Amino acid sequence: MICSKEVMEFFKACENFVLGCSDDLVSPFKLYLSSIKNDENEARALVDALPSIKKQLREDLLFFMESDPAVDSEEEVVLAYPGFKAIRYHRIAHKLYELKEFLYARIIAEEAHVQTGVDIHPGAQIASPFFIDHGTGIVIGETTIIGKRAKIYQSVTLGALSLSKGHRIHGVKRHPTIGDDVTIYAGVSILGGDVKIGNRVTIGSNVFLTESIPDDMKVTIGKPQLVLQKRER
Amino acid sequence: MICSKEVMEFFKACENFVLGCSDDLVSPFKLYLSSIKNDENEARALVDALPSIKKQLREDLLFFMESDPAVDSEEEVVLAYPGFKAIRYHRIAHKLYELKEFLYARIIAEEAHVQTGVDIHPGAQIASPFFIDHGTGIVIGETTIIGKRAKIYQSVTLGALSLSKGHRIHGVKRHPTIGDDVTIYAGVSILGGDVKIGNRVTIGSNVFLTESIPDDMKVTIGKPQLVLQKRER
Amino acid sequence: MICSKEVMEFFKACENFVLGCSDDLVSPFKLYLSSIKNDENEARALVDALPSIKKQLREDLLFFMESDPAVDSEEEVVLAYPGFKAIRYHRIAHKLYELKEFLYARIIAEEAHVQTGVDIHPGAQIASPFFIDHGTGIVIGETTIIGKRAKIYQSVTLGALSLSKGHRIHGVKRHPTIGDDVTIYAGVSILGGDVKIGNRVTIGSNVFLTESIPDDMKVTIGKPQLVLQKRER
């Protein structure tokens, strides 16, 4: 049985570097060799990627500062924003996924899910900067592609359409492609591998989409009729 | 004050057995006597049930492998699937519930909720195999009954209808009954103790149901009209 | 970098007092001075508030007992109800927020979010008693005001309307005001700083509200048309 604890120690060493808490790249390298795989080339590839992940996260952090009315300080984003934690776990997990270390990538992604309620499959390709608010209930599938400056709110699903086929469609592009400067409000579901959301699109709360949307559109649902009745007392 | 930590140590010993990591049934027995209740008959009843829970979980595991397009290995399901963790906590908590050790059952169920976002009341009766994908936001109430080969996605509620009556309806059947081979997609709510969902029913995303559905049906909601507007730039 | 661990130690000392596990007010005082801020007046203000928080939580606890059909004992509420955990973290975090210790308040609130899936901004003003069931996916924004005896179910958002303005609207009242004796069922979103929900209002599942509701009303959505088809076998 693989030890999640050792994988998370390796992750923490990477996290310290990408957050700028330490300049130490030797620890991630050594921990990779001892806890992930005894393959020097792979360890080097991972460690070589950390500086660019650090740069991406810096962009993410500034985008969080700009996007949330409630934010008070950079420190608050690092210490108390689940969305920032989710993206920082994801960027490292995604690198492991690229190195085909799927299981380790998934262990890190699932740890992020436990801590934040945000379930991003390590296969998802997410450009920087990226903003997630609140986060709980967000699901982003394995073959999702997301452009720059996306903003995503709680309970959004970027998912697959034909789940009934199960494991037989392993490897197929099953999840949507999202352009640059897209905002997706709470409760939206966008399903299907052929679905493309254009640049500068805004998608209103609770929209359910299984089709593509061209650039520069705003998509909402007709407001459902409310029924008001005097309450029995 | 009861110590959750000791209850979780007992749980971990059970979990090691049901996952096949250990054949030791003495530890669960002893830990039951020290942390749950000093009742040899009850401890024996619990431990005698563990082999059949182990068998159920094996069926669950194979069903997870078959049902999820993204899955890569059995190890991944055990280590990184919150749905599999939720069902494994539930099967042990449910046995404690049957032994009328409600508080201990709830402590284990709530630990699963913390770790997975899946809130299954230990009273719920769930046949094997069972599949939960993503999981966050799933709520399954105390008197729910679920048949074989159910598949349930994120943010599904199997809940009660008349919550305003509060504690006065303690013990009444308040939650739905689900047949065999039922698939319930994300965001569905099924509410009420009289509601029966037939065998081989599929329920599409975001359906809100307070009535029964016969066998072999597919239930969806008429797609809400989308409003597309050119976005101001 | 601030140490979350020390903040949580301080929180635990407060929690022991407000839960009635200990009468010790010296520990919270000393831990405040060592882990939050070396300001005796602020530490005293915090500690002086703990007895009234304890009283509020006692009211909350009794309201939980009365409101949930599944509850079995007071001990169960304290040990296994995520909603009760969320409100207990919130009441202490909110006091820190009032003392303008925003970052520490947010660290405690985010710990509650991790453990319960309930995301209450420490700025939110919530009267007692208060009841949250299940909890996962609840989001309550910074400038929300909630009256007495509110009941809130899973996946409810009390949020802001014009998020696109981002950090420029920091400090503005952006979230709704909820009266006394209001029940808000699962999946409801109420958005906007001008929205006022009257006393004794009940809001049915999945309602999406951006307008005020007068006293004594019941608000539901017209049930969406279900489409039933015989399933292909």
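The values are calculated or read from the model by the stated rules, or taken from the named source; none is laboratory data. Remember, predicted model here, so these are calculated numbers, not experimental data. When we count neighbours, we look across all protein chains shown, and the Cβ atoms used for this are built from the backbone with ideal geometry, even at glycine. Surface accessibility is based on the protein's heavy atoms, side chains included, excluding ligands, DNA and RNA. Shrake-Rupley method; radii C 1.70, N 1.55, O 1.52, S 1.80 Å.
The table below gives the values:
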item	result
The stretch A:120-233, accessible area per residue, ligands and nucleic acids excluded (1.4 Å, Å²)	38 Å²
Built amide H within the under 5 Å cut-off of B:ILE197, gap 5+	B:THR177, B:ILE178, B:GLY179, B:ILE213
Surface accessible to a 1.4 Å probe, B:CYS21 within the full protein complex, Å²	70 Å²
R0 of 25 Å, Cβ-Cβ distance C:LEU228-A:ASP194: FRET efficiency to nearest 0.05	0.35
Residues in the stretch C:86-116 that a label on C:LYS37 would reach, taking backbone N under 17 Å of a point 7 Å out along Cα→Cβ	C:92-109
Cβ neighbours within 10 Å from other chains - mean over C:58-68	2
Other-copy label distances relative to B:LYS230, 7 angstrom Cα-Cβ extension, nm	4.9, 4.9
Inter-copy separations for A:GLU75, label at 7 Å along Cα-Cβ, nm, ascending	4.2, 4.2
Net charge dipole size for chain B [Lys, Arg +1 and Asp, Glu -1 on Cβ; Debye, nearest 20]	880 debye
The stretch C:1-68, Cα convex hull volume normalised per residue, Å³	93 Å³
Base-10 log of normalised Debye intensity for the stretch C:29-146 (one unit scatterer per alpha-carbon) at q = 0.19 Å⁻¹	-1.01
Partner chain coverage, peptide C:94-106 - average Cβ within 10 angstrom	2
Directionally averaged projected area (convex hull, Cα atoms, the protein assembly as shown), nm²	29.0 nm²
The stretch A:94-145: radius of gyration and largest Cα-Cα distance (Dmax), Å	10.7, 30
20 Å Cα-Cα reach of C:LYS196 towards lysines, excluding residues that sit fewer than 8 places from it in its own chain	A:LYS223, A:LYS230, C:LYS148, C:LYS151, C:LYS173, C:LYS218
Rounded Å value of the spacing that divides the Cα centres of the stretch A:31-55 and the stretch A:87-115	13 Å
Net charge of neighbours whose Cβ lies under 12 Å from the Cβ of A:GLY204, counting Lys and Arg as +1 and Asp and Glu as -1	+3
Chain pair C, B: total accessible area buried, heavy atoms, 1.4 Å probe, Å²	3500 Å²
Inter-chain shielding of C:110-121 (mean C-beta neighbours from other protein chains, 10 Å cut-off)	5
For chain B, the fraction of alpha-carbon pairs in successive 10 Å shells from zero, as %	8, 31, 33, 19, 6, 2, 1, 0
Reachable lysines, given that their alpha-carbon falls under 16 Å from the alpha-carbon of B:LYS37 and they are not under 8 places away in the same chain	B:LYS5, B:LYS95, B:LYS100
Length-normalised contact order for the stretch A:1-104 - Cα pairs under 8 Å, 6+ apart - percent	25 percent
Ranked by how many other beta carbons lie within 10 Å on average, peptides B:85-96, C:25-36, C:93-104 from highest	B:85-96, C:93-104, C:25-36
GNM result for chain B, Cα springs below 10 Å: residue of B:ALA80, B:ALA112, B:ALA70 fluctuating most strongly	B:ALA70
Per-peptide average of other Cβ atoms within 10 Å, ordering A:180-187, A:150-157 highest first	A:150-157, A:180-187
Apportionment of accessible area to carbon and sulfur, the protein assembly as shown, percent (1.4 Å)	50 percent
